[in-house]
Every structure is written in C-alpha cells, then in structure tokens.
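Just below is one structure, and these are the notes that go with it.
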Amino acid sequence: MSGSLGLLGLDQAELDSCVACGLCLPHCPTYRVTGADTHSPRGRIALMQVVDEGIAPLSDEIVEAFDSCIQCRACETACPGDVPFGHLLEVAKGVVEKTRGKAPWWLKLGLRALPRPRLLRAGSSCLAVAQRLRLVPSQRLGLPQRLPVRRRALRATGDDVWLFTGCVMDAWQRDIHVATQQVIEATGTTVRPSGDAAPCCGALHTHAGLGDDARRLAARAMSALEGDNAILVNSAGCGAALKDYGRLLDSDEARAFSARVFDVHEWLVDHMDEIDANPPAPAIAGRVAIQDPCHLRHVQGSHMAVRRVLEPFVSEIVELDDEGMCCGAGGAYSLVHRQLALDVRDRKTGAISRSRADVVVSANPGCSMHLVAAGLTVRHPMELVAEALRAR
Amino acid sequence: MFSDGAAGPVCFPDSTEHVQAIMGVAARFDRAVLARGAGSGLSGGAAPLGDPIVVSTTRMNRVLEVDVEDRTAWVQPGVINLDLTRQVTPLGLHFAPDPSSQQVCTIGGNVANNSGGPHCLAYGVTSAHVLAVEVVLSTGEAVVLGGLDAEPFGYDLRGAFVGSEGMFGIATKIAVRLTPNPESVKTLLLAFDKVADAAATVGAVIASGLVPAAVEMMDKRCVAAVEDFVHAGYPREAAAVLLIELDGLRRGVEADTAKVAEIGRANGGTVRVAADEQERALLWKGRKSAFGAVARVAPDYYLHDTVVPRSKLVEVLEAVYEIVDRHDLTAVNVFHAGDGNLHPLMAYDSREPGVNERVAAAGREILEVSLAVGGVLSGEHGIGVEKRDFMEYQFTRADLEAQALLRRSFDPHCRLNQGKVLPSAHSCADIASLSASKADGVWG
Amino acid sequence: MIAPPVIDDAALLAFAAEIGSTGPVMVRGGGTRWHVGGAPHSDSREVRAPTGIVEYRPEEMTVCVRAGTTVAELHAVLAEHGQRTALPDGSVPGGSPDSTVGGTIAVGRSPVTRLGDGHIRDAVLQLHYVAADGQLVTAGGPTVKNVTGFDMCRVLVGSLGTLGCIGDAILRTRPKPEHEQWARLDDAEPEAVLNTAKTATAVLWDGSVVWARLCGHHVDVEDDLVRLPASCEVPPPDLPPFRWSRRPKDLHRLPNETGRFMAEIGVGVVHCERPDPDPLPVPAGVAALNRRVRDLFDPDRRFNPGRSVERL
C-alpha cells in the first residue's frame, strides 16, 4: 500500500512501517538530551502522521520538533523494522520549507554561497586574516583554530579516480585533501581532484528542506565528474549525499553515478595491499579514538573501514562507549540549534574523555570543527595515515 | 488502541522536589496525575486517560550512587535499564532484570510494571532486585519504602509498590541490587522441525533439574523477521528455535551445556553453541528486536502476555495458531518458554475494515484459553488499560476489592494513573462510596 | 466469558467459616516465632490453618500446600522429586522442624541461605487468605511468573497475620543441588570468603570463625574448596534468638558489646542474644502508611490483636 494522499506528501507505506516500539529512542541524540518524545524519531513520526492526516495543524511546535532533528539517522540503524526516517523527515521538511519558508535567511544566504568556490575561498581568506588579528571569536563560532590564508594547490596526477573536494572543506581544510591524495597515490593510483567544476554536493541544502537547490547541485556534480571511474570522498556528509543522488534525482543516470561513489576508507580497504610495505611505516604513538560521523556509520555503513585503514599505522585504537552517538554538528545544525548541539556535544566529549584518548580522528569536516570548538584536537584519518607514510 | 484520552500539561521534573511540587499542585486543583518513563510499555499503562498531568521522568536520568561493597546503586527513575548495566560493567556487575526493551525502558518503568525479561527465569523479576524506593505520594509527601538493611521496618510496602503500575505513587529514587557477572556463559541455539518438539525440549530441560539463565522460543515467522534485521544465522527453515542460555561457574556450565544439547538432540533438534561473545550478542539482539521486527510482517501488531503451565505450552500454542488463523490474522510467536510466558502476537493492518474487532475477538479467545488451563493474564507487561476489563476473568469481586484497598492505602483519592488495572466497578468511586457508607454500619 | 476459579477446597472453606467476620482471632502455626511482634492477646479465639499438600506439580516446579503443614513435611514430599523450597525447615541453623508454611510466610523471615536462595517472599506465588470480612481472597496467581494486578502476596509475607489469615500457598520449588555441604574456615576474612566462594548460599561469621554453605555442581564446589583457605566440613552452631537488621557492609562495624552473634555476610542479618539496642529510626510517613494499610485491611483489628509489624 504505497502512495501518498496526505498534507505532508509522505509515503504511506513508509509511515506505516513504524510500529512505535521505541527501540530508536536511546539512539536519538535529541531525545537523549531533552527526554521529550516529540524530539525522538518515534514522536516525530507520530507528529508527521497527525499532520499528514489533517488531525493536527502544522504548528510552530511541530515544525520545531522536525527542525530539531540533527538527521544523524542513528535511528535507522537501530530500527528493526527498517523505517526510512531520514527520507520521511526530508520530505516533511521540504513541505514545511515550501509552505512556511522556515530556514533562516542567513542560512539560505550561506548555503547559496557554498557552490561559489572563488567567493567562498576569498571570504575564508578574509576570515583567516581577521582571525590572525583576533577579530573573530573562532572557538565560540566553531571555526577551525587557524583558517588557511593560502591553500596548497591540488594537482591532477591522472584519471584513475576522482577525489571529490567539495566546498567548505576545500576552502578550510585543503591540507586534508592533500593528505588524502598522497594516501591514494601511495597505492599506485592516479588522482584527479574535482575542483571548482563540482563545487558542492548539496547535502546541507537537502537537510534544510531546499530540495530544488540540492537537485541543481547534484546535476552539476554529475556532469563535472564524468567517466566510469570511481569517485572517492573524504567527507562523510558529502559521500552520503553523492551516494543518495540516485534517490534524489530518481534517474538511471543518477543511480549509475551514485554506484561509482566510495568513501575513501571504503575504497582503501580493498587497496591496502597495494601500498608498498617496504619500509614499513612506524605506528603513530598514543591512543586513537575514532569519532564515527553519523553519515559514515548510519548512512554509508562504512565506519569499520576507517578502523581497518588506520590499524596498520597507529599503535592503539580505542572505541568510544556511546555506540556512535551523534556529536551534534549536523552540518549547519549547530549554527541553528546552538544549545541542543552543545548539549549533544557534551555527551560526546564525555565519551571521549572516558576513553582517555590522545588523538581523536573524524572523517567528516563538520564533526571535527564542532569538536575542535569544544577544545579538542581532532585529525582526519587520512592525515594520520599520510603522516605515517611520510615518516618511513 | 486507546484513543479516548489526551495528555494534560506535560512536566519534566529533574528532582524529587519537583515531583513533590507537581503533586502539590495536582492535589490543590484535584487533577489526575500520570507518570511516564520511556513509553515502551505494552499494556497502555502510561497512556493518558482523561487529561491528566503527565509527569515524564526521562530527565531524572542520573545514577546517583554505586556501592560496590554492598553491590547496590541508587538511581533516578529515568535511568535506562541498559545504561545502568553498561555503567557498572567495568565493576563486574549488572542489573539482572533485562526486558527485551532494556535498551530503551527506564528503571522507573521496570519498577512500575515489575518487569521481567529472558533472564528472570534464573534471576527473578524486578521486585527481587529492588531494595528500596523513594516514592512521592499523591499528597506530595516523600517516603522511602524498604531499605538497604536486611529486614526493613513494617509491611513489605516496597514489594507492594513494585508492580503497582504508577497507581500508588511516583518513584523518584530507586535502590537496586547489582548482580555479579557470571564467570561463564554459554548460549545454545536449537532448531526444530516441529513446535511441539521445541516445547517438549523446554519441559525436559526444566524437569532434568537444570535452571537455565534463559529459555526463549521463536517460531518460523518470527525467525524470518528477526533474521532479516540481524543476520545472525538464525535457521529460517526451522518451525521453531530455542535460545537457551546457561551461566555460572565454568565447569558446571560446561556440564549443563552438554546436558541441554543432549536433551535437544533427543527431541529432534539441531544444536549450535555460540562460539564467542560477538555471536552470542547478535543472537540476543535478534531476540530482543523481535517485536519491532514484526513491522516487516505487517504495519500493526497486538500481543498478549499470558503465562501458562509449562506442560500446557503445546496445547495453548496450537490453540493460539488456530484462533488467529480463524480470525484471518497473522500469528507470530516469540516468548519466554522457560517460565511459560507466552507472547502471542497478531500482525495486521489497522486500515483494513473490521480488523480491529477481529483482533479484539481473537485476543479475548487467547486469554480464555490461557486462563482455562490454569494460566494468568499477564506475566510481565502488566494490566494497564489493555487488560483492565479482563481482570474479572481471573479475580473475584472480593479479590479486586482487596487490591483496591491496597491502592487506597497509598492514594486515598485515587489521583494517580486513573482508569488502569482495576475494572471500573472496582475503581475509586466505587470504593469511596463503600467507604462512605461504612458510617451507616454496612462494613461491620 | 470465563469466571475466576472457584475455591472448592473444603478445608479452606471450613477455615474461612471458622474465622468468620467478627471477633478477635489469632492463627497459630507451629508457635516457633510466637514472640515476634508481640504475643497475641489471650482473649482472641485461636484458630489453626488446615494442613496437607493440595497439589504438587514437579514438572511445573510449583506446589500448593495448606498453611498448617510443616515445612519439614512439605520438603519430605518434594525431596522425592529432588526438589525443595526456599522456606526453612529444621535442617538449617535457625530453622525448626515444627515451623508451618503459613507461619513462616506470615513471619516473613528468610533462613540463613537467603544469600543464595533469595528472600522467601520471592518463593510465594499465590496465597489464599481470609480477609477481615470473612471472605476468601486470592492474592497472586498459580504460575511461576505473574504481574496480574497488584502484588498482594508481598504485603502478606511478613505481615504477622495482621492483614488476613493465610489458608494455603502456591510456592515455587527449586531443584536440590547436586552437592551441598558446610565448610568451616577458622582462619578467613568473611568478606573474602563471600567474594571467593562462588557456590556459597550462606556465609556466616561469629567474629572469628566463618562457615560457608556451598551448593551446586560437584565440580564447582570442588573448585571453591580449592580457592578457599583450608576448611573442614563442620556446620555452624545454633543461632542466638534475636535478629538485628543491618546493611551488609556494616557487619564488620558491630559494636563491641554485641555479645555472642552470628552475622549473615552479604545479607545483613545479625543473630544476637538480645534485642537490637539501636534499630533504624522509622520516619513518620512510613509508619503512617503502615498504619493506613492495617486500618483499611482490618479496620476493627480483629486479626492477631496484640501483634504488630511495628514492634518487630
């Protein structure tokens, strides 16, 4: 029994697949910090149902309940009934955005800037200079401690694989791209960085309910990243978005494109033995805690690959005891829902401190910036591996 | 199923004082009060009837104190069952009651429902693991029932409070017993071609003098739904599987494991012993996700929770399949076989016209069959609103009046969780009028 | 529509008739704990509960027994099937061969094996009792697991017969262990024994000597005996008559003037020669709640007048 008749345009079969058992609750970061069912997947689905069926109006409280979701999708991993919560929420938020224009103006403005790489880089450089002059409270704003004024250029070495470089990450964390390219090339594979031709994956637009913008960006990325070769992504959020183009655009072409997308760790697991083991790389000392980005763990399901890639290069990996609970970053979420994001982050920093880790790694720029703002040192796994390889 | 109520004001207290203040306001304005934990109950016990003030305990979620020497902990009611166990695991301890919903249900809810779980077969239900409860009564007064000493004062009001489904008071602090982790654990998965053979194995294991930590049964439909989710290697072709766990000391557990395997094989089963902790955890994850996994069968489900004598398991199971088939519904069975606690589950689509009536009729017949063989209405889910009107199947008027008296000892105005457990004829109004007439000499 | 099972046990009905609905009544069991909570007034009618085993279902691990039956008699029958209950018979220190099932439940005191066997209240599944108005009431249910309605059984266990007169009980039975024995340890720390002896169902300490009751698989008890300091197979002496209630961890802080004692390590009961000089204070709210329960169940105080859970 599929199809949709309701006011939110939700797929009835998807809605019905929730039996309200509640097994999602402990995995939901916003339920964990608020204790409110309306801030849980089960409660949000119940609210979608009553709005969809016209039983309750789309009130401010209900919109807030939808908006407060970080979209980590941990509930989908926990759900024994495979309820596609992420998709339900995206559709519901799309309707909310269309009918009420709920996303704040400054967020929309910011999101429009993302696909303009030169503007983004120029703006970032200005910010970097202001940072050096101590004109911006970086930590409070969740900015990286030291934004780059200049960036090392990425150069294509061939066409074996694409490296998707994205928007903010390219402007703020290009060193990670450099490291990633080095690691990929250590397997004897040539790399073509995507650069400005595919400026943004559109993930944040989808999350904000700006579906049309997201679809435009998807089409642009698809035409830029041509060919049949693999597209490697080192940002968990972007990887999840690119892998979802098949559903977003609902075309065979998009599905074929998505099938070429791999998280870089996922791809490296199958190419580890191509890295020259002579001389062996010395292990990086200390306890390394892995923060699993939600879009790697719950959406792509490739978080174990990060461990397998890191294992040969670090002396000890420690697991956090929070079962991959979200850190609260959620792309632009931490800007819009500041207090909730901080409360969620407190749980994460608690888990990190209990782990007694010396280094925290995260394969997603949003998560690492959010954690850096809490005073932690966070590295990308590719940086550690590149460092170990360089030390040979 | 219960759509005739709605929540009034919803409060999120984070201390005993907050709960006392809420009770004070409720008393002043004579409003009903309903306590609620994670809302994972299966009998509508935390569903509001009328428009009560809802007291959500989810923010009272701190473990206040762990006493390793006495193996006890004081917790707030909103602490999630599994969170407590996780927190004390490094100390070699755990909280023994493990309802299948343990990753979400709160200890306050466990206390309200006297929750069971697979491992209560050997370890006992919640009541055996609660030493003391700080309770806010409907007057706003806070009292501590029970105590950490061996034989606390007076009647066992702690025991009365556990399982009172939120109708005696609101627990604001709970002292629980922590159980040392067993030295050795073995989990066996036994597969059978016939449900009757699985049931016979359960009887034979118990009769042999073994007390397994858990004996769980799942039928073919349940196995299919669960296996689709966990991929633990549950045998889809089996008519029924048993999950039997033995724990204790190493050598004794080895001997018991061999004995159970032998009994299983003698009854026509194939036996697999979980090789490591990972395999064991996956098997249990499957079992504990079973109700949610039923969403793969149909969008709605309704289940009962009767307990029958173990020797009647086969008879009752056959009757359950017959009843559910006859009402054109889908039966899924997953239950605590070791203590005869059935969870006959009917999967259906509530939008199908007339289906709710068929579900209700089939449910009633299942209850009748269970009680007719000497069973009880509920083994661990509680009565709530769902089985309230069936209480007269099991109890006489005098029995129910006695229960109403106990309730009124705690909550004279019957302000807490109105409309639950006791059928309307034994509700507060009725008792209140009886009490009023006492002056006229009716109650000699 | 089905109706609740009718109580058709003639002995039980006669018991209810004898108790009736008026006048003070005291129920006598074996009289082995007659002093607990104060002796009943002598002007009360003395009634005895019916005796005999109503139904024993070894495969269900349950037995229905009338309250006047002695625990020793019950256990003799259960032993034929290798089973017993958590109630004390004459074979454990502090137990008496004369104790009845009803009396043991009404007094509510567990034997020294509580550490391993659990509190006796957890062995009580169903009770039939006669209420103050003379009606027979069913508390609990016949199955090994049950949460149907409020937990009336727990309130009656340890109520000293002040809320209702127990007529019969359905009890949970347990398989007897493959092996059990006492081990006397002359040179051991009680807490260390508690933590080492994994098969211990009782650890007793008199201030210098430790006794552990080891129960379970032969091989597991053997392993325990290897782990423990040297011991000999000697049971503890008889227990002093009074019970003090303590937290388990407070047992090594007993005052010097305690006198001869035997402490249940891991449980907290201390058996002493004299009443507890320093019982925990009872908060007014808890005392009031206890009184309210009694007022509602027995408004005229006809049951066991003179006895009270407040004077334990």
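Derivation of every value follows stated rules applied to the coordinates shown; laboratory data play no part. It should be emphasised that the depicted structure is a prediction, and the values quoted were computed from it without experimental measurement. Methodologically, a virtual Cβ is constructed for each residue, glycine included, from the backbone with ideal geometry; neighbour enumeration extends over all protein chains shown.
Numbers at a glance
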item: Estimated vicinal HN-Hα couplings, Hz - the stretch B:35-49 in sequence order (Karplus 6.51, -1.76, 1.60; Gly, Pro = x); result: 8, 9, x, 7, x, 10, x, 10, 10, x, x, 9, 7, x, 10
item: Which of B:Tyr123, A:Tyr333, B:Tyr393 has the fewest Cβ neighbours within 10 Å, and the rest in rising order; result: B:Tyr393, B:Tyr123, A:Tyr333
item: C:Glu59 paired with A:Arg338, simple spin-label distance in nm, labels 7 Å along Cα-to-beta-carbon; result: 7.1
item: nm² value of the averaged projected area, convex hull over the Cα atoms of the stretch C:12-70; result: 5.2
item: Computed label-point distance, nm, for sites C:Ser42 and A:Arg216 using a 7 Å Cα→Cβ extension; result: 10.3
item: Distance violations [Cα-Cα > 22 Å] among A:Lys243/B:Lys288; C:Lys176/C:Lys249; B:Lys312/C:Lys176; C:Lys198/C:Lys249; result: A:Lys243/B:Lys288; C:Lys176/C:Lys249; B:Lys312/C:Lys176
item: Contact order relative to length of chain B, as percent, for alpha carbon pairs under 8 angstrom and 6 or more apart; result: 16
item: FRET efficiency estimate (nearest 0.05) - Cβ-Cβ, C:Asp278 to C:Ser208, R0 30 angstrom; result: 0.85
item: Surface/4 estimate of mean projected area, convex hull on alpha-carbon atoms of the stretch A:110-265, nm²; result: 9.2
item: B:His231-A:Leu7 FRET efficiency (beta carbon distance; Förster radius 35 Å; 0.05 resolution); result: 0.40
item: Counting DSSP beta bridges with both ends in the protein assembly as shown, the antiparallel % (nearest 5); result: 75
item: Radius 13 Å from Cβ of C:Asp8, net charge of other residues (Lys, Arg +1; Asp, Glu -1); result: -3
item: Cα shape, chain C, gyration tensor, a/c 1.5 rule; result: oblate
item: ³J(HN,Hα) computed for each position of the stretch C:110-126 - Karplus, 6.51 cos²θ - 1.76 cosθ + 1.60, integer Hz, glycine/proline x; result: 7, x, 5, 7, 4, 3, x, 8, x, 5, 5, 4, 6, 9, 8, 9, 8
item: Amide hydrogen neighbours beyond the local backbone of C:Thr173, cut-off 5 Å, H modeled; result: C:Thr62, C:Val63
item: In nm, spacing of pseudo-spin labels at A:Ser59 and A:Met272 (7 Å Cα→C-beta vector); result: 5.3
item: Three-way shape label, the stretch B:1-70, alpha-carbon gyration tensor, a/c 1.5; result: oblate
item: The stretch A:11-72: C-alpha gyration tensor shape, a/c 1.5 cut-off, then a/b vs b/c; result: oblate
item: For residues of A:26-33, the mean tally of beta carbons on other chains within 10 Å; result: 2
item: Inter-chain shielding of C:152-160 (mean C-beta neighbours from other protein chains, 10 Å cut-off); result: 5
item: Debye-sum result for the stretch B:63-180 in log10 I(q)/I(0), which assumes one identical scatterer on each alpha carbon, at q = 0.15, 0.21 Å⁻¹; result: -0.59, -1.18
item: Relative packing of peptides B:128-134, B:103-109 - highest average C-beta neighbours within 10 Å first; result: B:103-109, B:128-134
item: Candidates B:Ala239, B:Ala112, B:Ala191: whichever shows maximal mean-square fluctuation once chain B is modelled as a Gaussian network with Cα springs under 10 Å; result: B:Ala239
item: Mean shadow area of the stretch B:197-251 over all directions, Cα convex hull, nm²; result: 4.6
item: Estimated FRET transfer efficiency when R0 is 41 angstrom, pair B:Lys259-B:Glu368 (beta carbons, to 0.05); result: 0.65
item: Point-charge dipole on Cβ atoms (K/R +1, D/E -1) for the stretch A:276-390, about Cα centre, debye to 20; result: 220
